[in-house]
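Derivation of every value follows stated rules applied to the coordinates shown; laboratory data play no part. Being a predicted model, the structure only gives us computed values, none of them experimental. All Cβ positions, even for glycine, are placed from backbone atoms using ideal geometry, and neighbour counts span all protein chains on display.
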Ligand code: AMP
């Protein structure tokens, strides 16, 4: 038997309502913050990600699903949402129409990661991007939106905050990292030795315990920030205080993508659940538009992992599924036709109606209605049609009464 590829899953009825619940909340919160939805293709030119996320990042080096199409184009399944949105922003000349472009997305992403709890090869991200403003107000808005989203889902969390500076001040910090690690190089993993040479800040991505231990005493970036980055970071922190948002400063937080500048943040669940715990992350990326061929345009965004969020939902507070309001028991073909003609229209009034489609006897139909948790059952046979009086049964109380077609159409069955 052919199985779903490793690291992917079917989202079935016992889970889909959780996705819908989370997505409904996200749609609502984004609209309240005046973000509009964007949908970009699932695959893109592979170079879009190589140029933006960075050649030394784990995503590009190890995790991208790339392929050649029939014409030999080098394509990649989208591993993240920001670069495609900036590509769309440039390609559709949006910068000519909107000074501040605020969009959100809910999309599947693909990474050749080692599957484990909360980590998949196809997963879903919910994210926002605000392109065009360098103001710390927007950093604060995106962080606030992230927190409100989790508050709304009743998930308890810890916000970690850092600044990764800009291309002016970061190289200085890179040198400091190299100095600090110079005599410890031999103890670093092979990947970190390459990172040391090519992109020292990427060393913070390392998941090898020994490397992480070495990094614990690494100097902070803050003294290396240039005046502009330092001022920006101070204002962001002040704004978070005004918004009553608690956070922890985390000097090791650089995020796994090269395009970040200045503010970076990550939100972890307050209850630790293994190593794959970041619920969401984001930050500023003031050079990405320029790196992808546009003019210098500041931007900030965030992205949440839907599967990780679902892992931390208090599932018992979420209504599992809409109950079937009315199940129609049909005894014979005439009854079936009658139901099609007169009762299907109840659905357009928002009533969830289900009809018998394969059981023959009254008893087996009632049993089935009970199995699928129908609230009311309407029994239609030839006699009932002739008299225009039907039997309505409340499945909770087992009380039965007679009802006419016009009463049914007026929704009077709910008052049984
Ligand atoms: P990133 O784009 O790496 O900043 O990731 C943003 C969020 O996506 C993370 O905080 C996770 O919640 C989620 N995420 C990243 N990789 C995976 C994965 N392989 N499986 C499930 N969720 C993921």
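Ranking 75, 126 by Cβ neighbours within 10 Å, fewest first, what do you get?
Numbers: 75 16, 126 25.
Going from sparsest to densest Cβ surroundings: 75, 126.
Roughly how many whole Å is it from the C-alpha centroid of segment 1-52 to that of segment 366-416?
Here the answer is 41 Å between Cα centres.
Modelling each spin label as a point 7 Å along the Cα-to-Cβ direction, I'd like the residue 100/residue 12 distance in nm, to one decimal.
Between residue 100 and residue 12, the simple spin-label model gives 4.6 nm.
If each residue of separation counts as 0.36 nm, what is the full-extension length gain between residue 291 and residue 228 once their alpha-carbon separation is subtracted?
Numbers: separation 63, 0.36 × 63 = 22.68 nm, distance 2.06 nm.
Value of the extension gain: 20.6 nm.
What full-extension length gain, to one decimal in nm, is calculated for residue 34 and residue 114 as 0.36 nm per residue of separation minus the Cα-Cα distance? Could the numbers behind the result be given before it?
On the way: separation 80, 0.36 × 80 = 28.80 nm, distance 3.65 nm.
Residue separation times 0.36 nm, minus the Cα-Cα distance, leaves 25.2 nm.
Under a point spin-label approximation (7 Å from Cα along Cα-to-Cβ), what is the residue 367-residue 318 distance to one decimal in nm?
With each label placed 7 Å out from Cα toward Cβ, I get 3.4 nm.
Report the antiparallel proportion of the DSSP beta bridges in segment 257-416 as a percent, rounded to a multiple of 5. Kindly include the intermediate steps, with their values, before the conclusion.
Values: 19 of 28 bridges.
Given both bridge residues lie in segment 257-416, the antiparallel proportion sits at roughly 70 percent.
Could you please state, rounded to a whole Å, how far the C-alpha centre of segment 84-152 is from the C-alpha centre of segment 291-334?
With segment 84-152 and segment 291-334 each reduced to a Cα centre, they are spaced 17 Å.
Take 55, 80 and order them by how many other Cβ atoms sit within 10 Å, fewest up front.
On the way: 55 11, 80 21.
Least to most surrounded, the residues fall as 55, 80.
What is the antiparallel percent of DSSP beta bridges lying wholly in the chain, to the nearest 5?
On the way: 50 of 63 bridges.
The antiparallel fraction comes to roughly 80 percent.
If you line up the long axis of helix 82-91 against the longest principal axis of the chain, both from Cα atoms, how many degrees apart are they, to the nearest 10?
Relative to the chain, helix 82-91 is tipped by roughly 90 degrees.
To the nearest 10 degrees, how steeply does helix 362-371 sit against the main Cα axis of the chain, on a 0 to 90 scale?
Approximately 20 degrees, to the nearest ten.
Determine the gain in length on full extension of the stretch residue 409-residue 151; use 0.36 nm per residue of separation and subtract their C-alpha separation, reporting nm with one decimal.
Details: separation 258, 0.36 × 258 = 92.88 nm, distance 4.11 nm.
Residue separation times 0.36 nm, minus the Cα-Cα distance, leaves 88.8 nm.
With the crude spin-label approximation of a point 7 Å out along Cα→Cβ, what separation in nm comes out for residue 394 versus residue 198?
The answer from the label model is 7.0 nm.
Just from its helices, what would the mean residue ellipticity at 222 nm be for the chain, if runs of 4 or more DSSP H residues each count -39500 (n - 2.57) and the sum is divided by every residue, rounded to the nearest 500 deg cm²/dmol? Intermediate values should be presented prior to the final figure.
Values: 15 runs with 144 residues, N = 416.
Result for the chain, helices only: -10000 deg cm²/dmol.
Could you grab the relative contact order for the chain? Cα pairs under 8 Å, six or more apart, rounded to a whole percent.
On the way: 682 pairs, mean separation 66.3, N = 416.
16 percent.
Packing-wise, with mean Cβ within 10 Å as the measure, how do 363-369, 342-348 rank, highest first? Before the final figure, lay out each step's value.
Details: 363-369: 16.4, 342-348: 14.1.
Output ranking for 363-369, 342-348: 363-369, 342-348.
Between the helical axis of 170-181 and the dominant principal axis of the chain, each derived from Cα atoms, what acute angle in degrees is found, rounded to the nearest 10?
Taking Cα atoms only, the helix is inclined about 80 degrees.
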